[in-house]
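Everything on this sheet refers to the single structure shown next.
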Amino acid sequence: MTTITDGYFNVMEYGAKGNPYGDDTGAIKAAAHAARATASKWGSKGLYFPPGGAYVCMSPVDFTGISTIKCEGWLVYRGPVNATCFTVRIPSRIQAVISTSAVFIR
């Protein structure tokens, strides 16, 4: 299991279950907040979604300022139809790397 000492915040360590019928929104937002808190002019620690899970968000999630998101599972959106699902904005000095298998369900 990847931990924060490996440069990533593992969403499962914040309570995400990776159950396709659950709601991991709170855990994902908490992990994103922790990653954002490490931001510097050189980047931030990243977010890690372990393999084998379907991480479900029931409301929009803001990934602004997180320089790396590694998703080896599925990132699923089941929130409001007209909402922005995920927001990713990276300051100009940070290079974003996002690898994911994502499906958006409305």
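The values are calculated or read from the model by the stated rules, or taken from the named source; none is laboratory data. Everything numeric in this text was worked out from a predicted model, so none of it was measured. Every residue, glycine among them, receives a Cβ derived from its backbone with ideal geometry; neighbour counts consider all protein chains shown.
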- Message: Return the residues of the stretch 82-106 that are under 25 Å from residue 40 (Cβ atoms), modelled with pLDDT under 75 and not in a loop (DSSP other than H, G, I, E, B); say none if nothing qualifies.
- Response: 97, 98, 99, 100
- For residue 61, which of the numbered conditions (1) modelled with pLDDT under 90; (2) in contact with a helix residue (DSSP H, G or I) (Cβ under 7 Å, 6 or more places away or on another chain); (3) at positive phi fails to hold? (3)
- Item | the stretch 43-78, residues that are aliphatic (A, V, I, L, M) and either farther than 12 Å from residue 10 by Cα or touching a His at 6+ places or on another chain (Cβ under 6 Å) (or both) | 54, 56, 58, 61, 66, 75, 76
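Which residue out of 21, 8 is of a type outside the set (Asp, Glu) and either crowded, with 17+ Cβ neighbours inside 10 Å or under 11 Å from the mean Cα position of the chain (by Cα) (or both)?
Working: 21 fails: either crowded, with 17+ Cβ neighbours inside 10 Å or under 11 Å from the mean Cα position of the chain (by Cα) (or both).
None of the other options fit; the residue is 8.
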- Note on the structure: Of (1) in contact with a strand residue (DSSP E or B) (Cβ under 7 Å, 6 or more places away or on another chain); (2) outside any loop (DSSP other than H, G, I, E, B), residue 79 satisfies every one except (2)
- Task: Name every residue in the stretch 59-90 that is of a type in the set (Val, Ile, Thr) and either closer than 14 Å to residue 23 by Cα or crowded, with 16+ Cβ neighbours inside 10 Å (or both), in order of residue number.
- Result: 61, 66, 68, 69, 76, 90
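Quick check on the stretch 26-58: of everything there that is among the hydroxyl-bearing types (Ser, Thr, Tyr) and modelled with pLDDT of 90 or more, which residue is surrounded by the most Cβ atoms within 10 Å (Cβ to Cβ)? Walk me through it before giving the result.
Of the residues in the stretch 26-58, the ones among the hydroxyl-bearing types (Ser, Thr, Tyr) are 38, 40, 44, 48, 55.
Filter again for modelled with pLDDT of 90 or more, leaving 48, 55.
Working: 48: 25, 55: 28.
Once the filter is applied, the top-ranked residue is 55.
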- Query: Considering only the stretch 27-46, how many residues are assigned to a helix (DSSP H, G or I) and touching a residue at least 12 places away in the same chain (Cβ under 8 Å)?
  - Reply: 9
- When you scan the stretch 26-53, how many residues do you find that are within 9 Å of residue 66 (Cβ to Cβ) and touching a strand residue (DSSP E or B) at 6+ places or on another chain (Cβ under 7 Å)? 5
